[in-house]
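See below for the structure under consideration.
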Amino acid sequence: MTIEERLATSVSNGLKTLYGAEVSAGQVQWQKTKKEFEGHLTLVVFPYLRMSRKSPEQTANELGEYLKQNESAVADFNAVKGFLNITIATSAWIERLNTIHSDAEYGLKRADEQSPLVMIEYSSPNTNKPLHLGHVRNNLLGGALANILAANGNRVVKTNIVNDRGIHICKSMLAWLKYGNGETPESSGKKGDHLIGDYYVAFDKHYKAEVKELITNYLAKGMEEEVAKAKAEAESPLMKEAREMLVKWEAGDPDVRGLWKRMNDWVYAGFDETYRMMGVGFDKIYYESNTYLAGKKKVLEGLEKGLFYRKEDGSVWADLTPQGLDHKLLLRSDGTSVYMTQDIGTAEQRFADYPIDKMVYVVGNEQNYHFQVLSILLDRLGFEWGKSLVHFSYGMVELPEGKMKSREGTVVDADDLMAEMIATAKETSGDLGKLDGLTQAEADDIARIVGLGALKYFILKVDARKNMTFNPKESIDFNGNTGPFIQYTYARIQSVLRKAAEAGICIPQQLDTDIALSTKEEGLIQMLADFPAIVRQAGQDYSPSVIANYCYDLVKEYNQFYHDFSILREADERVKVLRLTLSANVAKVVRLGMGLLGIEVPERM
C-alpha cells in the first residue's frame, strides 16, 4: 500500500468518525504540496464541506488533527483555507523506501493470460528506400509505447506493415534494370536498402530530365507552360514503363515478380540490420502484397451488404456524411485498391491471427483523417475494436536545415545518423575523459550506448504530438535534459556502489525506520514513490515523454543531493547505508524508466 493509499483510508475513516459521512478511500485524491507551503501531500477539502457543514479551514484543521492522532504516517499538518497540507513522518518514508528496495521490477505491472491484448503497429517502411530520420521517430515511439503498455499489465503484440508493392517499388526496379548493370549488395558493398534507395533517386533524376526535355519541346511548339508540364509528365516514357511494370506485377508476371522478390529480399536484410542497431523488433510482420487482395474482398462483401455503394464508372465508395465526413474511395474504377483497402485487409488478417482487444497505429499526424475514416469503416464491417482503435498521431521531425525529400536523396539516413551519433559520443566522451582506463571494446560499447541513448532520449522527451527539430549536437551534451546526462548519473551511482562494496559496506534488505532524514532525502524518496503512477500515466496518455522527463527530473534532484551530502565519507554508519540504499534505488528506477524507452544505461563511464 502506498502512502497515498494509506492516508486515503485514514481520511475515509476520519470523515465517518467526524461527520458520519461514507466516503470510500478510492474517492480521496491527494496531490503534491506546492513548494511554497510546508508539507508533502495536500488534500483539497472543499468536496467534504457539505458533510462537515463547517468552513473550509475548520474542516481542514479537524481532519488534520484526526490524522495526526490516528495515522502514524502523519508527523504534522497545516491548513491553508480549504487545503490540508500533510507532513509525512520519517518512518513512513523509510518504510516506503524499504518497499521500493525489495521490488526488483518496481513500478512495472506484468500481464497474465487474462490481460487485455493490445496490438501496436509501427515502422511501416517502403521497400524502395532505407529507413530515415522520420522512421527513427516512428520506431522509437512505437517501441517505447509497446514497452509502456506491457508495463501497465497488457499483453502486447508488436506488428509492422511493409509497403512492398506499388508504383514507387516499380520505379526502383526499373531504374536498376536500366542503370544497374547487375549491381548487388555483395558486388557493391552496400546494404540492400541503401542500394535500392539509390535507384529510386536515380529514377527520379532521369524522370525529371526527361520531363524537362519534353516540356522544352512542347513550349517550342507554342503550348502553354501548365499544359506542357502536365502533358510531359503524362507522356514520359520512363513513367509509362514503370506503370506497365506495375500492371505486369498485378498480373503475376513471373519475371517481374522474380525481380521484385530478389530486390525486396535485399531491402529486408538491410532493414533487419537497422532494426537491430536501433533496438526495436516485431512479433509479426505483415506485407501489403498479401493484404491488399483481402481488403478488396472485404470491401466487395461490404458492397453486397449495402455498407458501400458503386458509382457508374465501377468505383466503390463509402458514404461517411452521417458521421460528418465526405465520401471515401475504396476501390478505383479499374478495380485496383487504395491505402484504405489495404488497411482493411490487414485488419482482417490481424483479427484472424490474434484476439485483439485494442489496436494502436503509430503513424504521423498527416494521416489523422485516414485513421478517423478507418475507425468508422472497421466498425461498420464488424471489427469489435474498430470504434476504439487508437491512432497514436505524432508530429514530423526535421533537422535544423529543414525538411527532407526521399526522391531527391536529401533524407537523413537512419544508419548514417546512428553511426554519426556513436562517433560523436566517442569523441565527446574521450574529450571529457569519460573513457579513460577502459579497453577499446569497453570504450566502443559505451560510445554505442551513449550515442544511441542521446538520439533516443532527444526524440522521446518531446511530446509526440508536436513537430520537432532534431539537433545532434544538442542531444549529445552531458549536461541538461539529455540522455547522456541521465546515463552519466546512473554510471556515477554504480561507481559509488562499487566503491562501497570494495570497502565491505553491505546494503541491508531493510533499513531501520528511526533514521533522521533530510528534506532532500525525503524529496528523493517521494519522487521514487511516484514512479508507478508515472508509468500508469504514460500508459493512459500514450506518452513516452512523461517517463523521459520524469527520469531527467529524478537524476537532476539526485545530483543536487550528491553535491550537498556526503555518502561514503558520512561518519554515521546508518545514515551512510541509507544514502547508499537511496542511491541504489534511484539507479534502479532510472534503469527501469530508461529501459521502457528502449535506452540502455552504462555501468561505467
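The values are calculated or read from the model by the stated rules, or taken from the named source; none is laboratory data. Nothing here was measured: the structure is a model prediction, and the numbers come from that model. Cβ atoms come from the backbone with ideal geometry, glycine included; neighbour counts cover every protein chain shown.
Observations, loosely collected:
- Scanning the range 24-79 for residues that are assigned to a loop (DSSP other than H, G, I, E, B), among the β-branched types (Val, Ile, Thr) and out of contact with any His (no Cβ under 8 Å at 6 or more places or on another chain) yields 28, 45.
- Residue within the range 74-81 that is closer than 29 Å to residue 537 by Cα, crowded, with 21+ Cβ neighbours inside 10 Å, outside the structural domain of residue 592 (by TED's automatic domain parsing) and in contact (Cβ under 8 Å) with a residue 60 or more places away in the chain present: yes
- Residue 161 vs. criteria among the hydrophobic types (A, V, I, L, M, F, W, C), modelled with pLDDT of 95 or more and within 30 Å of residue 200 (Cβ to Cβ): yes
- Identity of the residue in the range 320-335, assigned to a loop (DSSP other than H, G, I, E, B) and either surrounded by 14 or more Cβ atoms within 10 Å (Cβ to Cβ) or among the acidic types (Asp, Glu) (or both), that ends up nearest to the chain's Cα centre (by Cα): 325
- Residues that are hydrophobic (A, V, I, L, M, F, W, C) and surrounded by fewer than 17 Cβ atoms within 10 Å (Cβ to Cβ) do not occur anywhere in the range 534-548.
The rows are residues; the columns are (1) assigned to a loop (DSSP other than H, G, I, E, B); (2) farther than 20 Å from residue 278 by Cβ.
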residue: 103; (1), (2): yes, yes
residue: 114; (1), (2): yes, yes
residue: 118; (1), (2): no, yes
residue: 140; (1), (2): no, no
residue: 165; (1), (2): yes, yes
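- Sole exception among (1) under 24 Å from residue 519 (Cβ atoms); (2) over 38 Å from the mean Cα position of the chain (by Cα) for residue 57, by number: (1)
- Residue match in the range 542-557 (condition: more than 30 Å from the chain's Cα centre (by Cα) and in contact (Cβ under 8 Å) with a residue 24 or more places away in the chain): no
- Within the range 273-315, being out of contact with any strand residue (DSSP E or B) (no Cβ under 6 Å at 6 or more places or on another chain), acidic (Asp, Glu) and part of a loop (DSSP other than H, G, I, E, B) holds for 312, 313.
- In the range 315-338, the residues that are of a type in the set (Gly, Ala, Ser) and over 12 Å from residue 373 (Cβ atoms): 315, 333, 335, 337
- Yes/no for residue 178 being at negative phi, outside any helix (DSSP H, G or I), surrounded by fewer than 24 Cβ atoms within 10 Å (Cβ to Cβ) and assigned by TED's automatic domain parsing to the domain that holds residue 256: no
- Any hit, the range 120-133, residues being under 27 Å from residue 519 (Cα atoms), buried (at least 17 other Cβ atoms within 10 Å of the Cβ) and not assigned by TED's automatic domain parsing to the domain that holds residue 44: no
- Residue within the range 219-238 that is free of Cβ contacts under 8 Å to residues at least 12 places away in the same chain and within 33 Å of the chain's Cα centre (by Cα) present: no
- You will find that of 409, 382, the residue that is in a loop (DSSP other than H, G, I, E, B), modelled with pLDDT of 85 or more and either touching a Pro at 6+ places or on another chain (Cβ under 9 Å) or of a type outside the set (Phe, Trp, Tyr) (or both) is 382 and no other.
- Filter result for residue 489 (surrounded by 13 or more Cβ atoms within 10 Å (Cβ to Cβ) and either within 20 Å of residue 595 (Cα to Cα) or not aromatic (Phe, Trp, Tyr) (or both)): yes
- Within the range 485-503, one or more residues are in a loop (DSSP other than H, G, I, E, B), out of contact with any Cys (no Cβ under 7 Å at 6 or more places or on another chain) and either assigned by TED's automatic domain parsing to the domain that holds residue 548 or modelled with pLDDT of 95 or more (or both).
- Residue 6, sole failed condition from (1) in contact with a helix residue (DSSP H, G or I) (Cβ under 6 Å, 6 or more places away or on another chain); (2) touching a residue at least 60 places away in the same chain (Cβ under 8 Å); (3) over 21 Å from residue 520 (Cβ atoms); (4) not aliphatic (A, V, I, L, M): (1)
- Applying the condition of being more than 35 Å from the chain's Cα centre (by Cα) and not aliphatic (A, V, I, L, M) to the range 565-591 and asking which residue is farthest from residue 96 (Cα to Cα) yields 569.
- Filter result for the condition that a residue is in contact with a helix residue (DSSP H, G or I) (Cβ under 9 Å, 6 or more places away or on another chain) and modelled with pLDDT under 95, over 603, 570: 603
- Scanning the range 451-467 for any residue that is farther than 30 Å from residue 154 by Cα, touching a residue at least 60 places away in the same chain (Cβ under 8 Å) and in contact with a helix residue (DSSP H, G or I) (Cβ under 6 Å, 6 or more places away or on another chain) turns up nothing.
- Residue satisfying all of: in the range 105-132; in contact with a Lys or Arg (Cβ under 8 Å, 6 or more places away or on another chain) and small (Gly, Ala, Ser); farthest from residue 143 (Cα to Cα) among these: 115
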